[in-house]
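The values are calculated or read from the model by the stated rules, or taken from the named source; none is laboratory data. Treat the numbers as computed from the prediction; the structure is a model and nothing was measured. With ideal geometry, Cβ positions are generated from the backbone for all residues, glycine too; neighbour counts draw on all protein chains shown.
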């Protein structure tokens with residue numbers, strides 16, 4: 001079992017780590033990127049504070065809600081109100097934002113490299129920043145997709161047009177009843193294609209991406225590979241963090257790098273193979289791009 005050890009934070013340690021990480025990005029045979037919510041937070045896609053109240057002051061006032069995460073789980077009384085909230089949530093996190101740093105900086109760093117990305121983020125930011133869809137595995141779903149609430153089939157549905165209609169036509173925190181989405185197979189209400197419980201639908205696209213991910217791992221497991229973990233917390237560590245630790249421990253040529261402003265740890269078993277940086281991801285990428293080796 002791995003034991004978590006906090007990393008050092010001195011200025012000298014920071015710049016040494018920046019240079020080491022840049023060297024690994026440039027010289028590794030392959031880069032496997034694992035991205036969590038901290039990466040999107042660094043891009044400004046935060047779920048609380050000013051951004052929440054600017055977009056959801058009505059819901060916050062009526063139900064004393066304080067962030068988008070908890071608001072998404074609130075038991076709204078009607079589907080009209082449920083979709084008034086969720087259509088706005090999807091719009092401001094999936095369709096409205098223009099994605100810049102740190103996603104675009106990461107793309108510059110790995111452009112032309114043999115890389116793959118596994119992410120628990122559901123906001124589509126990688127593709128909006130220009131990353132190749134064939135190199136992405138969204139494990140937890142996508143805000144841009146709906147599924148049947150009963151999981152009666154393994155199909156998902158693009159929701160852009162209906163979401164825009166919901167946002168434009170909602171009044172008094174409710175959408176028109178005619179806009180409520182229902183499954184075309186069984187008639188049950190639609191829900192978001194998000195891994196919240198055991199109803200999550202893994203469609204053909206999900207399985208294709210999963211196969212690409214595992215193929216990438218198998219092809220590079222004995223090579224000089226960089227496992228680059230970005231903004232991954234401890235909500236679902238079994239998806240990215242723990243596998244990255246394990247694969248690093250199993251390969252003496254591997255390097256594990258963790259960039260996380262809040263939760264930055266490395267197991268003693270792989271400490272000599274690790275680079276950990278406890279600084280905002282956007283700043284780290286900017287410093288890597290400008291530092292000389």
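Mind listing whichever residues of segment 222-248 are in contact (Cβ under 8 Å) with a residue 60 or more places away in the chain and farther than 21 Å from residue 139 by Cβ? 223, 224, listed by residue number. Among the candidates 194, 179, the residue that is surrounded by 14 or more Cβ atoms within 10 Å (Cβ to Cβ), in contact with a helix residue (DSSP H, G or I) (Cβ under 7 Å, 6 or more places away or on another chain) and touching a residue at least 60 places away in the same chain (Cβ under 8 Å) is uniquely 179. Of the numbered criteria (1) closer than 19 Å to residue 68 by Cβ; (2) outside any loop (DSSP other than H, G, I, E, B); (3) under 18 Å from the mean Cα position of the chain (by Cα), the one residue 83 fails is (3).
Might you let me know whether segment 25-40 holds any residue that is more than 29 Å from residue 216 (Cα to Cα) and not in a helix (DSSP H, G or I)? Among the residues of segment 25-40, not one is more than 29 Å from residue 216 (Cα to Cα) and not in a helix (DSSP H, G or I), which makes the answer no. The listed residues are 76, 63, 95, and the only one of them that is within 30 Å of residue 176 (Cβ to Cβ), touching a residue at least 12 places away in the same chain (Cβ under 8 Å) and in contact with a helix residue (DSSP H, G or I) (Cβ under 8 Å, 6 or more places away or on another chain) turns out to be 95. Being within 14 Å of residue 201 (Cα to Cα) and in contact (Cβ under 8 Å) with a residue 40 or more places away in the chain is the filter here, so list the residues in segment 154-168 that pass it. Result: 154, 155, 156. Among the candidates 238, 252, 275, the residue that is under 20 Å from residue 29 (Cα atoms) and surrounded by fewer than 16 Cβ atoms within 10 Å (Cβ to Cβ) is uniquely 252.
Yes/no per residue for (1) modelled with pLDDT under 95; (2) within 22 Å of residue 200 (Cα to Cα); (3) under 19 Å from the mean Cα position of the chain (by Cα):
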position: 48; (1), (2), (3): no, no, yes
position: 52; (1), (2), (3): no, no, yes
position: 55; (1), (2), (3): no, no, no
position: 90; (1), (2), (3): no, yes, yes
position: 102; (1), (2), (3): no, no, yes
position: 106; (1), (2), (3): no, no, yes
position: 110; (1), (2), (3): no, no, yes
